[in-house]
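The values are calculated or read from the model by the stated rules, or taken from the named source; none is laboratory data. What you are looking at is a predicted structure, and each value in this text was computed from that prediction instead of being measured. Note that each Cβ is placed from the backbone with ideal geometry, even for glycine, and that neighbours are counted across all protein chains shown. Quick note on the areas: whole protein, heavy atoms, side chains included, nothing else; ligands and nucleic acids left out. Shrake-Rupley method; radii C 1.70, N 1.55, O 1.52, S 1.80 Å.
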Amino acid sequence: MTTDHPDKQHERLWAIAGDWATTGQVVGDPPVPVSGSDIYQVLRGGFFLVHHVDVTVGSHEVRAIEMIGARPPAAAPSWRGHTTTKATPSSWS
């Protein structure tokens, strides 16, 4: 069944929409510091979020963009992202 309206599953994603200051660490020995910003935007229609990443992990700058969501009748949310660092660009899905 196809719908033109987001459902409760999509509405839960909307809770993270906004601009976020990101600080923390990657678990390890020693821990690696992470700092920067994340921006989550709900795309028109409400089925997807765009996630913009601008952080430093240890001494590495990371820039990424990610699409999160699903348009019914998909069984589960999906995501696709692309990142680029000074070292190597990569993508995942």
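Let me spell it out: the conditions are (1) of a type outside the set (S, T, N, Q); (2) at pLDDT below 90; (3) open to solvent by 80 Å² or more (accessible area, probe 1.4 Å), and D7 meets all of them except one. Which number is the exception?
Every condition holds for D7 apart from (3).
How many residues are on the phi > 0 side of the Ramachandran plot and open to solvent by 30 Å² or more (accessible area, probe 1.4 Å) when one looks only at the stretch 37-71? First the steps, then the outcome.
First, the residues of the stretch 37-71 that are on the phi > 0 side of the Ramachandran plot: 45-46, 58, 69.
Applying the additional criterion that residues be open to solvent by 30 Å² or more (accessible area, probe 1.4 Å) yields 45, 58.
Number of matching residues: 2.
Give the residues of the stretch 1-33 that are of a type in the set (G, A, S) and either part of a strand (DSSP E or B) or under 15 Å from L43 (Cα atoms) (or both), sorted by residue number. Give the derivation first.
Filtering the stretch 1-33 for residues of a type in the set (G, A, S) gives 15, 17-18, 21, 24, 28.
If the condition is that a residue be of a type in the set (G, A, S) and either part of a strand (DSSP E or B) or under 15 Å from L43 (Cα atoms) (or both), then A15, A17, G18, A21, G24 are the ones that fit.
At pLDDT below 95 and exposed (fewer than 12 other Cβ atoms within 10 Å of the Cβ), is that true of G28? Give the derivation first.
Values: at pLDDT below 95: yes; exposed (fewer than 12 other Cβ atoms within 10 Å of the Cβ): yes.
When the stated conditions are applied, G28 passes them.
Please work out which residue is modelled with the highest pLDDT, limiting yourself to the stretch 63-74 and to residues that are closer than 13 Å to K8 by Cα and more than 11 Å from the chain's Cα centre (by Cα).
Within the stretch 63-74, the first condition is being closer than 13 Å to K8 by Cα, and the residues that meet it are 69-72.
Filter once more, keeping what is more than 11 Å from the chain's Cα centre (by Cα): 70-72.
On the way: A70: 70, R71: 66, P72: 63.
For the stretch 63-74, the residue satisfying everything is A70.
Which numbered condition in (1) closer than 21 Å to Q25 by Cα; (2) at pLDDT 95 or above is the only one that H60 fails?
H60 satisfies all of (1) closer than 21 Å to Q25 by Cα; (2) at pLDDT 95 or above except (2).
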